[in-house]
DNA sequence: TTGAAAGCGCTAACAT
DNA sequence: ATGTTAGCGCTTTCAA
């Protein structure tokens, strides 16, 4: 095993000089640097991580807690995790993967042991038990999601309020007058992570502003549950022509059911999804959707953690604006909606 | 920050005694142990990870390399990763998440720096560049998947040969005489990770043994590509009645196309999938399938890594036998197959 | 611009 | 059953 001392000996300098060449924390002459670098390369030297951590009080590790089971879709978690890992490496850091079931004890453990320099928490709940530990230990941290009382904590999230509004705008622009939001399970709105409530809020607000008739249906995501909704939504003369869907599990059944009921998408019903991009792409037709910006979330989380480690203030909420991508599942309503008081503004799709 | 010395002082013992109480590496009297444990609890002591690693030459970290983009389905990766993390924790170890794009340099880095004690490689390719580094550094390692020349390396994998055979058996038992395998992209069979070839081999062998007429169709997973296949498969008088599908992307289009062609599943065509369990469950009908045993793969990988760290020999291949779960997508062929020489054995589904 | 040396907090001989 | 002590390999003052 090669150590600093080996490299120093080979380069004919002191150990501290080698250390400084590697860290770049003090000016080194051209010649010395060259000889040291050469020795490093020749010996295939890699600084010992433990020794480094001990001496510098920095592990260069960022802990990331991922929920074992979650309301969130697994691939989304994975993509965020991978983005975090990739971006962290670019900053010379590694990522520790922790399962959410370690809970607050896990956060305390990595903080107190100095295993990690910072913590990224995914799928944060409204009243998350890990948050007090974040404050106690004062470890640099970033939350992906929004707790009830963020306080001075740093959070990153998709702007779900704006997302709901953007979906409404898109449908309204196309000329839809009667729309509905098929949302998360009813339980989520109560205990949930808050994203559902914020989407609903943005959806309702904007619908009112634009004078649309809007309804909201929580959905458990099962086939049967979705089937019940679809009947409600399609029946009657005042049938809905535009659907916003924020429920990955319901999407498959929904599209199937619409087909079964003889409603073509987008001719009879337009569908806007709020879902992982992959899902939007693999559906038939491909879905007009606002995707969870996984890479951007990961990137920002690491960036903010790094900023805190550098002593910069990062408090507050970093909201990512939604990007609605128009695909094949939305279009103008072809059946004239009954008694439209005035025509809605029509825009090219 | 609390250190060993603090705890020792509080408990009125020497630092080494505290260390031994914690590690359990030598007998300690009841009284001493109790006082030490109490001090630990009162002070909220957590051993410093860096110091520990430096002194013990063990980081208690297992590095896991996950491909950034892969032939494998993302959720599968995620579930394996989470299983690895959870099981590793039970053994007192943490998991380092690395992206596959770090390649062999990444393996060398964590091995040489002592950052990780062992490495778990996912989605190993037939001729993987990281494998030589595994040998050079002699770091304990487990491969999930099978390289061309495993040699003395430890590998874990689903037994894809047996999987192909099991699917054939199931269809044959139901009375199907003409079956087909819809497989991975043609490219995968050439450069691929080998799982595709082994499945095909098991499929073909068993079909021959049982006297079935079997065909094989590589598939690119696109809608168009799948559509072309479906036509070939369904046309003619000698149409296939049983399908084995080892292609996550093709499953959705396939089911859709069968419906479109007026073929009911399982009445007209039986479908056996080799896919993540979630996919089998969320399809309509739910699919008879062999699932990738994600948790078991993770569990075994960590177990084998731990065994190596304990100095036990683990060389060779650990194959997980397939478990075919019968669901709604398979049944007896209702249309008598033309001129069956002798009846195939019929078994209750 | 470089070197010498004192730790960082823990483990593991070596003692007793 | 417990204490003493010498490092582990690096960073970082302090000196020159």
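Read the figures in this text as sums done on the coordinates, not as results from a lab. Everything quoted here is computed from the prediction, not taken from an experiment. When we count neighbours, we look across all protein chains shown, and the Cβ atoms used for this are built from the backbone with ideal geometry, even at glycine.
So, in nm, how far is label residue A:326 from label residue A:152 when the simple model puts each one 7 Å beyond its Cα toward the Cβ?
4.7
Could you tell me, in Å, what Rg and Dmax come out for the Cα atoms of segment A:101-206?
Spelled out, the Cα radius of gyration and Dmax of segment A:101-206 are 17.4, 59 Å.
How big is the Cα convex hull of segment B:52-170 in projection, averaged over all directions, in nm²?
Quarter of the Cα hull surface area: 8.4 nm².
Where the label is 7 Å out from Cα toward Cβ, how close does residue B:232 come to the same position in every other copy, in nm, shortest first?
4.7
Give me the number: length gained by fully extending residue A:307 to residue A:105, i.e. 0.36 nm times residue separation minus the C-alpha to C-alpha distance, one decimal in nm. Could you put the intermediate results ahead of the total?
Working: separation 202, 0.36 × 202 = 72.72 nm, distance 2.51 nm.
Length difference between fully extended and current span is 70.2 nm.
Rounded to whole Å and sorted largest first, list the principal axis extents of the Cα atoms in segment B:232-330.
Largest to smallest, the principal-axis extents are 60, 26, 21 Å.
What is the fewest-to-most order of A:318, A:270 by other Cβ atoms lying within 10 Å of their Cβ? If you can, show how the numbers build up before the last one.
Values: A:318 16, A:270 25.
Least crowded to most crowded, the residues run A:318, A:270.
Assuming a viscosity of 0.890 mPa s and a temperature of 25 °C, what translational diffusion coefficient in µm² per second does Stokes-Einstein assign to the protein assembly as shown, Rh being the Kirkwood radius over Cα pairs?
87
Suppose only helical runs count, i.e. DSSP H with n ≥ 4. What mean residue ellipticity at 222 nm does that imply for chain B under -39500 (n - 2.57) per run, divided by all residues and rounded to the nearest 500 deg cm²/dmol? Walk me through the numbers before you get to the answer.
On the way: 14 runs with 157 residues, N = 349.
Here the helix-only value at 222 nm equals -13500 deg cm²/dmol.
In what sequence do A:256, A:170 fall when counting other Cβ within 10 Å, fewest first?
Numbers: A:256 18, A:170 21.
Fewest to most other Cβ atoms nearby, the residues stand as A:256, A:170.
Averaged across B:113-122, how many Cβ atoms of other chains sit within 10 Å of each residue's Cβ atom?
Numbers: counts 9, 8, 11, 2, 0, 0, 0, 0, 0, 0.
Shielding by partners across B:113-122 averages 3.
Run the label-point distances for residue A:9 please: 7 Å along Cα to Cβ, every other copy, nanometres, shortest first.
Values, ascending and in nm: 3.8.
Other chains near B:80-90: what is the mean number of their Cβ atoms within 10 Å of each residue's Cβ? Spell out each step's value before the answer.
On the way: counts 0, 7, 12, 2, 2, 9, 5, 1, 2, 6, 0.
Per residue, the number of nearby Cβ atoms from other chains is 4 on average.
Obtain the radius of gyration and the Kirkwood radius of segment B:1-79 from its C-alpha atoms and give Rg over Rh. Can you show the working numbers first?
Working: Rg = 18.9 Å, Rh = 15.1 Å.
Checking Rg against Rh, the ratio lands at 1.25.
Across the residues of B:91-99, average count of Cβ atoms on other protein chains within 10 Å?
Details: counts 0, 0, 0, 12, 5, 6, 13, 6, 10.
That average works out to 6.
Percent of Cα-Cα pairs more than 24 Å apart in chain A, please.
On the way: 37779 of 60726 pairs.
Above the 24 Å cut-off, chain A has 62 percent of its Cα pairs.
Copy-to-copy spacing for residue B:26, label 7 Å out on the Cα-to-C-beta vector, in nm, shortest first?
Result for residue B:26, in nm, nearest copy first: 4.0.
What's the FRET efficiency of residue A:3 with residue B:68 using the Cβ-Cβ distance as r and R₀ = 30 Å, to the nearest 0.05? Walk me through the intermediate numbers first.
Details: r = 33 Å, r/R0 = 1.10.
Calculated value: 0.35.
Taking other Cβ within 10 Å of each residue's Cβ, how do A:324, B:317 sort, fewest first?
On the way: A:324 18, B:317 13.
Taking fewest neighbouring Cβ atoms as first place, the list is B:317, A:324.
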